[in-house]
Amino acid sequence: MTGPLADIADGRARRQTARFTGALALATIATLGIRLALARQAHHPGHADDAFYYDVARSLTAGRGFEIDYIWHYLAPPPAVTHPANDYWLPFPSVVMAASLRLLGDSVFAALLPGVVIGVGLAPLLYWGALGRGQSLLIAFSAALLALFEPTLLAVSFETNSTVYYTFLATLTLLLASRREACAWGMPVAGVTAGLASLCRQDGFLLLAVLVLLIGRAGGTWRARARQALVTAGAYVATLAPLLSSRAGRRTSSGGSRTSCSPSSGPPSPISRGSTSRWAGSRRSPPWRSSWGRSARIAPPGGPASEPS
């Protein structure tokens with residue numbers, strides 16, 4: 001279509017786009033304001049994983065690095081009560097929260113703020129991604145509204161946890177990969193975002209498998225596909241390099257052996273924090289009972305250490 005009719009159609013399309021985009025902007029701003037007001041009412045980060053990420057962020061801002069000063073799991077005996085933090089959960093959420101704590105001060109609200117902003121940011125990300133995939137304005141707008149008001153996504157944006165960060169990075173990775181033909185740098189950047197997602201949750205490595213599969217199914221010569229796969233995987237590994245090197249150095253320095261928590265080394269330092277205190281003095285065996293657990297002494301707050309039966 002050419003001439004005046006084409007100009008009229010283009011004008012209508014632009015006005016419709018402006019209406020949907022404006023409505024989404026208003027909904028996003030209003031939702032952000034409400035979530036910030038609710039986040040200001042939080043006084044505690046929560047239990048278990050939420051408290052872990054928050055405490056590691058506080059340790060970073062205090063200059064102690066990636067460490068935790070209580071024992072919260074028994075999958076592998078730590079060398080001491082105060083020990084390196086990221087032997088199970090990963091560091092990226094704590095790093096983001098630590099930056100917010102450094103800027104705004106030590107408060108639960110400061111730790112929640114990045115998750116709240118990222119949770120709301122999912123809406124424009126999905127809107128842009130749907131339009132980039134050729135979907136209609138209605139579908140793009142509906143996807144954005146779903147991201148704003150879906151109950152699970154709403155709940156995780158108020159947690160000092162990894163879920164909202166992983167969701168955003170995984171979504172961004174897949175959208176970048178879907179634009180690989182339009183942008184030559186799409187796949188390498190997707191490798192970086194997949195690496196960041198893997199610094200949030202261990203199952204983030206599956207994103208790299210998806211990227212390699214998409215490259216393998218793309219057009220072009222096998223040499224070009226192999227080159228792109230290597231560059232993407234290299235970007236992914238480079239993003240994970242600091243974590244991998246720190247863990248390798250920790251294993252080298254410890255010689256791969258257990259120290260103060262091994263049965264041959266005697267009982268470790270008393271545990272005064274975490275969920276273990278409820279087992280102190282109890283005649284029931286704790287769920288982590290093992291050759292190491294039988295030698296562990298557990299001290300309730302303000303009380304002497306006792307031996308689990």
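The values are calculated or read from the model by the stated rules, or taken from the named source; none is laboratory data. In this text, all values refer to a predicted model and were calculated from it rather than measured experimentally. Note that we place each Cβ from the backbone using ideal geometry, even for glycine, and neighbour counts take in every protein chain shown.
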Check segment 84-106 and report whether any residue there is in contact with a strand residue (DSSP E or B) (Cβ under 8 Å, 6 or more places away or on another chain) and either touching a residue at least 12 places away in the same chain (Cβ under 8 Å) or not assigned by TED's automatic domain parsing to the domain that holds S157 (or both). yes
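Quick check: anything in segment 135-151 more than 30 Å from R19 (Cβ to Cβ), at pLDDT below 95 and assigned to a loop (DSSP other than H, G, I, E, B)?
Residues of segment 135-151 more than 30 Å from R19 (Cβ to Cβ): none.
No, there is no match, as no residue in segment 135-151 is more than 30 Å from R19 (Cβ to Cβ), at pLDDT below 95 and assigned to a loop (DSSP other than H, G, I, E, B).
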What is the residue count in segment 94-132 for residues that are within 14 Å of the chain's Cα centre (by Cα) and not in a helix (DSSP H, G or I)? 0
I need a count of the residues in segment 177-230 that are within 30 Å of D49 (Cα to Cα) and not in a helix (DSSP H, G or I). 3
Selected residue (only one of G119, G191 is farther than 30 Å from H43 by Cβ and crowded, with 21+ Cβ neighbours inside 10 Å): G191
Could you please let me know if A62 is free of Cβ contacts under 8 Å to residues at least 24 places away in the same chain, assigned by TED's automatic domain parsing to the domain that holds L90 and closer than 20 Å to A99 by Cβ? yes
Mind listing whichever residues of segment 139-197 are of a type outside the set (S, T, Y) and in contact with a Cys (Cβ under 6 Å, 6 or more places away or on another chain)? none
Qualifying residues in segment 171-188 (those that are surrounded by fewer than 22 Cβ atoms within 10 Å (Cβ to Cβ) and polar (S, T, N, Q)) - the one farthest from the chain's Cα centre (by Cα): S178
If you take the residues of segment 91-106 that are among the small types (G, A, S) and farther than 11 Å from L199 by Cα, which of them is modelled with the lowest pLDDT? G105
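Going residue by residue through segment 19-36, is there one that turns out to be over 30 Å from S246 (Cβ atoms), in contact with a Ser or Thr (Cβ under 8 Å, 6 or more places away or on another chain) and either surrounded by 13 or more Cβ atoms within 10 Å (Cβ to Cβ) or among the basic types (K, R) (or both)?
yes
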Residue among F109, F66, F141, F52 that is surrounded by 15 or more Cβ atoms within 10 Å (Cβ to Cβ) and closer than 26 Å to A177 by Cα: F141
When (1) farther than 22 Å from F66 by Cα; (2) out of contact with any Leu (no Cβ under 6 Å at 6 or more places or on another chain); (3) at pLDDT 80 or above are applied to T232, the one that fails is (2)
